[in-house]
Structures are given as C-alpha cells and as structure tokens.
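Colleague: Dropping a structure here in structure tokens format, bear with me for questions.
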Amino acid sequence: MTNSVDLDLWLKVLSVLEEKLPRGQFITWFKDTSILGRENDNVIVGLPLPMFLNWHLEHYRTMTIEALKALDPTIDQIVYQVDVGLKDDAARTLRLLEHFPEKKKSRKVAGKAEIKIAEGLYSKILNPRYSLENFVVGPDNRLAHAACSAVASQPGGKYNPLFIYGGVGLGKTHLLQATGNAILRTMPNATILYTTTEDFTNQVIEAIQHQKMEQFRRKYREVDVLIIDDVQFLANKDRTQEELFHTFNALTEERKQVIISSDRPPRELSILQDRLVSRFERGMIADVGVPDYETRHAILSEKTKEFGLLLDEKVLGYIAEHATKSVRQLEGILMQAVAQYELEHCVPTVKGIADIMRKLCEPLNEQKDEDIGFQPAPKQAVSFQDLLEGVSRYYSVSVGDMLGESRVREVLVPRQIAMYIGKKHLRMSFVRLGESFSNRDHTTVMHAVDKIEKKIQEDAQMLREIRTIEREVGLAA
Ligand code: ADP
Ligand code: MG
C-alpha cells in the first residue's frame, strides 16, 4: 500500500514527466503506475503489466530516476515491480486525469521554455523528440530532409542559409529542430540558437526600449547556428527585418549557419524587404509538401511505434487514406484513437476512426443554402475555423482582427476574402457567415463576396493569393 508521502512524491514525478511526454504516451504508460515502497535507497515503482517492464526500462527509466532524484536526492535507483492489481483501476485513472487535465495549447506552453546558451543569449529548447532519423522521408520532403542532413554534417557550408518552406503541419519545425539536435550531437559546444520570429521580434523591441541595441547585435553575432522559425510573421516589422538583415550578414560572412522556415518561398514573402529576400535566396531553398499515401502510411507506422501502439493494418490504411491534409492532422487522429482506446478501452476500428475523423472535421456549415452556383462542399471537410486560421496566417492578420470591427485595408480585405472562400467552399449561407463574423448583417457578407468576385476578374495577384490559401487550408488540390 502506498503511503501518502510516496503518493505525493509520485504525483510530483508524474507532473515532471507529463511535461516531457506526448499526452497519449503519458496516459498510456503512467496511468496505472505507483510507488509501492522503498528498499534502502531504492524506490519500488509498480507497473500494472509485464509488458510495461521493458518499455519503462528502455524509454522512461532515466527520466523517471532524474525526476525522483531532483525531488529527493537520497534516492539512488528504481526497482520495478509488476503488480497486476494496479491494472484497470478506474478510480486511479480518473484521479490521474483530474490531476493532469489536458492542457489547452500545452505544446505552446512547453515550447515557451528557454535555456540560457551564453551570457544574455536565450534559445528555445530544442526538443529531443525531433530527429532527422525519425522524420519519415517521401517524395514531397526528400529534398528538404537531404538539405537538413547536409547542413547537419557541415554547418556553414554550401547550403547557407537554408530556407525551408511549406504549409502548416508538414514538418518544418521538426526539420529545423532536428537539424539543431544533430549539430549539437557532433559539436556539443556549438552555440545553437533556435527562436521563433515572434521571440526575435520581442527581443528587438526590448533592445530598442532599453537602448541595448549594440549589446543585442554583439550577442547574436556570437552564435554558431541561428535557427528562425516562421519568418512569414515578420510582416510590417521593419525594424526587426533590418536587425535580422544585419545579423544575417554578420553571421554568414563568418560562415556561421542560418536556417529559416516560412510558409511560402522567399519570393512570395511580399511583406519582406527585397534585400532580405535576396539574402534568403542566396543559399538553399527546399519545400515540404503534403505527403503522399505511402509516406503518410509510413509516418503512421513510425508514430504508432513511438507510442507503443498496435493498430490493425486496415485501420492504418484507412487513416492514411483519409487524413490527407497534413502530418499534424494524421497525428491528431492517431492521438484521438489512442485516447479513446485508453479511456474507453475500445480497440480502434475503421468505423471508430471514421467517427473520430467526422467529429474532428465537422464543419460549421449548413447544407441549406441559396445556391449561387458555387462548388459543392469538399469531401474532406474543412472547418470555418481552419479557414479563418488559414487566411489569418497568410496575411498575418489575427483571427480576432478579422472578426472585429477594424476597417483598415490590411484587415478588411482578408476578412472579405475569408467570407468569399467560406461562401464558395464551405457552402455557408450569407446569414450563417454573417453570424460567424461577429453577427454581421447578411447583406455585409453578400457585398463582400460580390466585391471579391469582381476583384479577382481583374486582379490576378489576388486570385493567386486566394488559390494559395485554398490550397493551404485543404480546399483545393
Ligand atoms: P510545421 O512546423 O510545418 O507546421 P511540424 O514540424 O510542427 O509542422 O509538424 C507537425 C507534426 O508532424 C510534428 O509532430 C512532427 O513531428 C510531425 N511530422 C511532420 N512531418 C513528419 C515526417 N515526415 N515524419 C515524421 N513526423 C512528421
Ligand atoms: Mg512550425
């Protein structure tokens, strides 16, 4: 019987591990565990099934000991003990879920963690989960993967800067982080700075406010590898672009590696100053695309292995066939299946997966519609929220602004475009669309749709932009 001190200790250990592991894994492998007692300096950790033993020894032992030692330095080792009595203790599972409720945006929170890599230099943590080895290669990402591998083995070499671009959830962050990890493995003393455009911008602002620009510049010039994720968010940030430009020049002159990601190629980053675009184009540019069926299947197999999950071949095939949007979507569906399996004790079936997918993809649309000759809703339903997010990303305008009242052009046009695409593809009625845009009148929506329809007859650039958004949110091939 676990005493309350040990129970308390174990809960603390679990909250440490919870931060480090994907939720499905955490629930799967820790929900029926406990501290069973102590033996000298050893802690006896109880596992519910024999199959857990190897898995824990191989995957979680080191991190569990670390967490235990950090909380109680007198602890030396773990002794695992299988106790089938722990299994299927519904009350325990409930307690665990209560203690560790799913955190909304937990990814973001975890991603916020920073480490000090040198005096005054902070990098987002490189997540060890991302490696070049566990990135599944297919025709649509082969070049990007090869370029990252080349950079990893020769940073500052031929491919400098390396520019990776592609849609959401297709593996850009994975590749950037994996490259950083790979470089660290061979050059443990290298200063590798991984940052998001948002953080970089904030640091520039802070440096300006505190008149510490010189220090900022000096600092950044000390890094060996600079990795900047999602540079499309540099829109309208002239000062940040300028600083990036200088940093960039200083680093590449010294043959230090720069790696960048974006949702589109440099040329299409119309928001960027030309000189920055031409710098980006000097090195290697590679894209990641939506993986084909075979690659999706291979990715799923890899992920199920990572989660220690056995899925029926038919189920794998079904998910691979239908989750065509992005790798993130694939993962999302898989995680739902794991959660359902864990919580409801039902083995994923094709029908179960189909239900999950329907729920995940449920559009906010209505079928009744004053049809004005638009295309039928796509089979693979995209939600209104997906659309909003897609437009928001593309134009770097927040969703809140699009739904809000602002009538400045930068917001107004994306809002009208979102209405137009909503009407065209999601078959939402004017009334419904109006409601979705903070209860606007349906005539406002009609007017907007009309306006965009006319505009694209003569404005090829806008038409291209709309096509790109449609592709990105999965509404067109
Ligand atoms: P992006 O930064 O392009 O939006 P991410 O790098 O965050 O996308 O990828 C989303 C998820 O999909 C991550 O969990 C990542 O590990 C996974 N993923 C993407 N592409 C692959 C791949 N080819 N092989 C394995 N996992 C992948
Ligand atoms: Mg990313």
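FYI, it's all coordinate maths here, none of it is from the lab. Predicted model, so just to flag it, every value in this text is computed and none were measured. Every residue, glycine among them, receives a Cβ derived from its backbone with ideal geometry; neighbour counts consider all protein chains shown.
Colleague: Tally the DSSP beta bridges in the chain and give the antiparallel ones as a percent, rounded to 5. Walk me through the intermediate numbers first.
Modeller: On the way: 9 of 33 bridges.
Percentage antiparallel, nearest 5: 25.
Colleague: Tilt of helix 384-395 relative to the longest C-alpha principal axis of the chain, in degrees (0 to 90, nearest 10)?
Modeller: Once rounded, one gets 70 degrees.
Colleague: Determine which aspartates and glutamates satisfy two conditions relative to Lys451: a Cα distance under 17 Å, and not lying fewer than 8 residues away in the same chain.
Modeller: Counting by Cα, and skipping residues close in sequence, Lys451 has these aspartates and glutamates nearby: Glu410, Asp441, Asp459, Glu465.
Colleague: Using a 7 Å offset from the Cα along the Cα-to-Cβ direction at both Lys212 and Ala354, what is the distance between the two label points in nm, to one decimal?
Modeller: Each label point lies 7 Å from its Cα, and together they span 5.9 nm.
Colleague: Say the cut-off is 19 Å between C-alpha atoms; which of Lys69/Lys116; Lys69/Lys303; Lys424/Lys454; Lys237/Lys455; Lys303/Lys325; Lys172/Lys303 go over it?
Modeller: Details: Lys69/Lys116 23 Å; Lys69/Lys303 30 Å; Lys424/Lys454 14 Å; Lys237/Lys455 28 Å; Lys303/Lys325 17 Å; Lys172/Lys303 17 Å.
Check vs 19 Å cut-off fails for Lys69/Lys116; Lys69/Lys303; Lys237/Lys455.
Colleague: While we're on this one: State the Kirkwood hydrodynamic radius of region 9-81 in Å, one decimal place, computed from all pairs of distinct Cα atoms. Let's see the in-between values first.
Modeller: Values: mean 1/r = 0.0818 Å⁻¹.
Mean inverse Cα-Cα distance, inverted, gives 12.2 Å.
Colleague: Here's something else I'd like to know. From the residues Ser392, Ala418, Ile456, which one has its Cα farthest along the dipole of region 384-472 in the positive direction, the dipole being from +1 and -1 charges on Cβ of Lys/Arg and Asp/Glu about the Cα centre?
Modeller: Ile456
Colleague: While we're looking at this one, here's another question. Hey, any idea what the orientation-averaged projected area of the convex hull of region 279-347's Cα atoms comes to, in nm²? Could you put the intermediate results ahead of the total?
Modeller: Numbers: hull surface 23.6 nm².
With the hull built on Cα positions only, its mean projection is 5.9 nm².
Colleague: Determine the dipole magnitude for the chain: charges of +1 sit on the beta-carbon of Lys and Arg, -1 on that of Asp and Glu, nothing else is charged, the reference point is the Cα centre, and the result goes in debye to the nearest 20.
Modeller: Numbers: 63 positive and 68 negative charges, 185 e Å.
The calculation lands at about 880 debye.
Colleague: Can you give the angle from 0 to 90° between the axis of helix 327-344 and the longest principal axis of the chain, with both taken from C-alpha atoms, to the nearest 10?
Modeller: Compared with the principal axis, the helix lies near 40 degrees.
Colleague: Find how much the distance from Trp55 to Ala235 grows on full extension, using 0.36 nm per residue of separation minus their present alpha carbon separation; answer in nm with one decimal. Please report the intermediate quantities before stating the final value.
Modeller: Working: separation 180, 0.36 × 180 = 64.80 nm, distance 4.62 nm.
Between Trp55 and Ala235, full extension yields 60.2 nm more.
Colleague: Expressed as a whole number of Å, what is the distance separating the alpha-carbon centroids of region 434-448 and region 395-425?
Modeller: When both Cα centres are located, 11 Å separates them.
Colleague: Under the definition of Cα pairs under 8 Å and six or more residues apart, what whole-number percent is the relative contact order of the chain?
Modeller: Numbers: 657 pairs, mean separation 53.9, N = 477.
Here the relative contact order equals 11 percent.
Colleague: So if I take the alpha carbon set of region 112-288, get Rg, then get Rh from the Kirkwood formula, what is the Rg over Rh ratio? Before the final figure, lay out each step's value.
Modeller: Working: Rg = 15.0 Å, Rh = 16.1 Å.
My calculation puts Rg/Rh at 0.93.
Colleague: So how compact is the chain: Cα radius of gyration and Dmax in angstrom?
Modeller: So, for the chain, Rg and Dmax equal 25.0, 80 Å respectively.
Colleague: Let me ask another. For region 22-53, list residues with backbone N below 18 Å from a point placed 7 Å from the Cα of Val16 toward its Cβ?
Modeller: Within reach of a label on Val16: 22, 26-27, 30-31, 33-39, 41-46.
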